[in-house]
Ligand code: OAD
């Protein structure tokens, strides 16, 4: 593993434009559950019952009480870990330009990254299903479920449910960023949800080097990634950053 950390520091030092694609795994060390695998959210719930737009439309109160309420309680107090902070340092060093994230937790912005494409939207905002008014999630009163807008409409997370389209702007900008980078860091994603998992493929096709950081192999490993550094995002990013900063 040490050899790969050194290799990653060398590759980052040589790179001109780094883009990161992140998934739920980068936020695990901040106390946020991933979706898949052991201890994942989909072990507890059927995603079609709690994360599909049809389920929300059918019974918003049920989806709010099963999933969204707990999510609000966790995300209201979560803070960035060394994985997020490492990516923010890479931006401060003018290496990394953009983070494409599938996460809705806002932790990349909290760590200091300024160009974050929220591929699946954001949980920081709740949107009225009637008048589209936006509320800051932390200010939303959840003593009544589902919470409502001042117009009486039901509030929903401003995030992408299964069965909904990826915001066009996020899709277009992500593809552009993937095609323009010369190194992509793929951190903490199972890379099974499309179209997000295509971003490393676009990057590879445009000639970029792909480095994965994940405790497990993914469908990208040995196919699209140049190498996988196996481990927790925070610990691995710390190792890479201390090598890079001491050069
Ligand atoms: P997943 O839950 O599918 O995958 C999490 C990945 O993180 C797995 O590959 C784990 O091995 C890895 N992992 C776990 N702990 C880690 C750690 N400490 N450091 C680094 N990696 C770790 O999450 P995503 O790939 O983000 O979509 O899932 C993609 C999409 O599926 C989500 O955005 C969400 C979900 O359904 C929507 O809600 C639309």
Practice task
Go through the residues of region 120-140 one by one and say whether even a single one is touching a residue at least 60 places away in the same chain (Cβ under 8 Å) and within 23 Å of residue 235 (Cα to Cα).
Solution key: no
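Can you pull out every residue in region 70-88 that is touching a residue at least 40 places away in the same chain (Cβ under 8 Å), farther than 16 Å from residue 124 by Cβ and either out of contact with any helix residue (DSSP H, G or I) (no Cβ under 6 Å at 6 or more places or on another chain) or assigned to a helix (DSSP H, G or I) (or both)?
Within region 70-88, 82, 83, 85, 86, 87 qualify.
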Fill in the blank from the handout: Checked pairs for region 89-105, first over 11 Å from residue 119 (Cβ atoms), second within 16 Å of the ligand (Cβ to nearest atom) and assigned to a loop (DSSP other than H, G, I, E, B), C-beta under 7 Å and 6 or more apart or across chains, list as 105/32; 105/78
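Just give me the residues in region 106-119 being in a helix (DSSP H, G or I), touching a strand residue (DSSP E or B) at 6+ places or on another chain (Cβ under 6 Å) and touching a residue at least 12 places away in the same chain (Cβ under 8 Å), in sequence order.
The one that is in a helix (DSSP H, G or I), touching a strand residue (DSSP E or B) at 6+ places or on another chain (Cβ under 6 Å) and touching a residue at least 12 places away in the same chain (Cβ under 8 Å): 108.
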Practice task
Could you tell me whether region 167-188 includes any residue that is near the ligand (Cβ under 8 Å from one of its atoms) and either touching a residue at least 60 places away in the same chain (Cβ under 8 Å) or not in a strand (DSSP E or B) (or both)?
Solution key: yes
Problem - Failed item, numbered, when residue 74 is tested on (1) away from the ligand (no atom under 12 Å from the Cβ); (2) over 17 Å from the mean Cα position of the chain (by Cα) - result: (2)
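Read the figures in this text as sums done on the coordinates, not as results from a lab. All figures in this text were calculated on a predicted structure; none of them were measured in a lab. Counting neighbours? That spans all protein chains shown, and the Cβs are built from the backbone with ideal geometry, glycine included.
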